[in-house]
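Since every read-out is calculated from the coordinates, none of them should be taken as a lab result. Everything numeric here is computed off the predicted structure, so don't read it as measured data. Here the Cβ is made from the backbone with ideal geometry for all residues, glycine too, and neighbour counts use every protein chain on show.
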């Protein structure tokens with residue numbers, strides 16, 4: 001009984017370490033394959049269009065609604081202390097520091113991440129990646145690296161759009177609907193939000209999330225079993241691993257940046 | 001070297017499951033050589049070993065004087081530029097048009113001007129009879145047409161070696177005849193060497209110069225198609241004449257029916 005448990009734990013640990021090592025090697029293989037895209041930037045810009053543009057609507061609408069909710073909740077709480085003028089500051093700090101990067105990354109994993117995994121997995125199942133190898137074209141260089149870097153570039157831009165629309169949402173609810181003073185809303189925000197401490201750290205977070213989510217997505221697609229079931233499982237794994245990874249990384253980064 | 005590809009004492013297994021054992025094969029330059037055998041006999045594995053996508057546990061695969069299984073990745077990719085491969089289902093890039101699929105290897109490996117690429121692609125498509133389908137997507141063409149587009153792509157760089165993985169599988173009789181004819185015609189026109197992996201006897205025998213028969217990872221017979229037709233080997237006879245039972249049993253090996261039904265045989 002105990003021996004079986006020890007064996008199971010040992011096997012699990014060994015498999016986890018092996019998987020981490022394998023993923024790390026894959027990450028460096030992608031980095032090694034990346035200089036090629038400098039000669040053909042079109043490969044990346046096409047993917048930025050595909051990944052970024054197609055995620056834009058869900059990110060924009062979500063940003064706006066998160067702003068609406070922040071405006072409402074923030075007003076109800078601040079109003080108890082007579083501090084409703086600080087609503088702009090609360091909305092802006094919540095979005096730039098936390099909600100912008102985190103919610104964008106979670107939505108990005110669900111929208112673009114799954115799409116990347118499924119696309120690459122289906123290319124593998126359809127022998128397209130094998131065909132590329134036989135044409136002496138490295139799939140890491142031609143398929144994986146451009147998608148990886150496109151995700152890394154697209155994430156902070158999408159997070160910025162999310163935060164900007166969230167602030168607009170907070171303004172619409174707080175100022176236009178509830179009646180908070182517009183001057184107080186903007187001036188408090190201007191005075192309280194620090195470019196480096198708040199905005200730059202938010203951007204750094206979204207870049208880190210971009211690396212994490214896109215790597216998980218392309219890695220799961222590349223390593224998917226080339227069957228319909230294998231691709232479906234890989235797509236699910238992308239959402240689960242990327243989402244948990246984003247939340248874990250957010251805690252670490254927040255502790256490092258704001259402690 | 002008269003042979004473009006030479007395989008010597010090749011052993012390959014997936015984990016503990018042996019696939020190929022002690023294989024020795026020659027593929028002479030300019031010839032069409034068919035590798036035939038039932039499903040799971042290791043035919044496609046041979047193509048992947050020649051292309052360097054798999055590595056043998058023992059033995060050598062020599063392509064144009066280079067031992068494939070000892071090459072570094074960069075050297076392997078250089079060697080693959082001399083190869084073209086037609087995959088079983090075409091493996092066309094579904095997000096690209098027929099034209100762009102054929103242009104793909106030219107764009108990747110040459111810096112030819114766009115005008116010249118266009119002319120070359122149209123010539124390749126003309127050779128497979130699909131010039132007027134150039135702007136269609138793979139989803140808009142039939143399986144037989146997709147196979148021909150993949151063939152045009154495989155020969156885009158005029159390779160010395162063309163490998164065909166089950167090129168006739170799932171094709172109607174007309175497409176099958178067209179494909180077989182193209183394989184022979186293109187091989188002779190380009191002066192290349194073709195390796196044809198198939199289990200379609202009629203079409204393969206019609207175009208092949210030499211045939212290897214494979215069973216359970218080993219060569220069981222070889223010779224010209226005429227030799228094979230006249231062969232008395234039980235495996236070849238079963239395969240060529242499509243007999244249901246023979247050296248390849250009809251029933252999957254295992255317990256007997258009497259055992260499964262719990263019957264006792266009376267003596």
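The table below gives the values:
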| read-out | value |
| --- | --- |
| The stretch A:23-112, Rg to Rh (Cα coordinates; Rh as Kirkwood inverse mean 1/r) | 1.20 |
| Simple spin-label estimate for residue B:242 and residue A:49 in nanometres, 7 Å along Cα-Cβ | 4.9 nm |
| More than 13 angstrom apart: percent of Cα pairs within the stretch A:155-207 | 65 percent |
| Dimensions (Å) - the stretch A:76-189, Cα atoms, principal axes, largest first | 69, 20, 20 |
| Cα-only radius of gyration and Dmax that characterise chain B, units Å | 20.5, 83 |
| Rg followed by Dmax, in Å, when the stretch A:119-259 is reduced to its Cα trace | 20.5, 66 |
| Overall dimensions of the stretch B:17-134 by Cα: Rg and Dmax, Å | 17.2, 51 |
| Residues A:250, A:194, B:16, B:209 arranged by fewest to most Cβ contacts within 10 Å | B:16, A:194, B:209, A:250 |
| Between helix A:54-80 and chain A: long-axis angle, C-alpha atoms, 0 to 90°, nearest 10 | 40 degrees |
| B:85, A:1, A:134, B:25 arranged by Cβ crowding within 10 Å, fewest neighbours leading | A:1, B:25, A:134, B:85 |
| Folded to 0 to 90 degrees: helix B:143-154 orientation relative to chain B principal axis, Cα | 60 degrees |
| As computed over the stretch B:126-245, the Cα convex hull volume per residue (Å³) | 124 Å³ |
| Relative contact order (%) - criterion: Cα under 8 Å, at least six apart; region: chain A | 32 percent |
| Whole-number D in µm² s⁻¹ for chain A, Kirkwood Cα-pair radius fed into Stokes-Einstein, 20 °C, 1.002 mPa s | 107 µm²/s |
| Antiparallel content of DSSP bridges confined to the protein assembly as shown, in %, to 5 | 50 percent |
| Viscosity 1.306 mPa s, 10 °C: Kirkwood-radius Stokes-Einstein D of the stretch A:19-75 over Cα pairs, µm²/s | 108 µm²/s |
| Rounded tilt (10° steps) of A:114-125 against the dominant C-alpha axis of chain A | 10 degrees |
| Mean shadow area of the protein assembly as shown, taken as a quarter of the surface of its Cα convex hull (nm²) | 36.8 nm² |
| Residue mean of other protein chain beta carbons inside 10 Å, B:73-84 | 2 |
| Ratio of the Cα radius of gyration of the stretch A:130-184 to 2.2 N^0.38 Å, where N counts its residues | 2.17 |
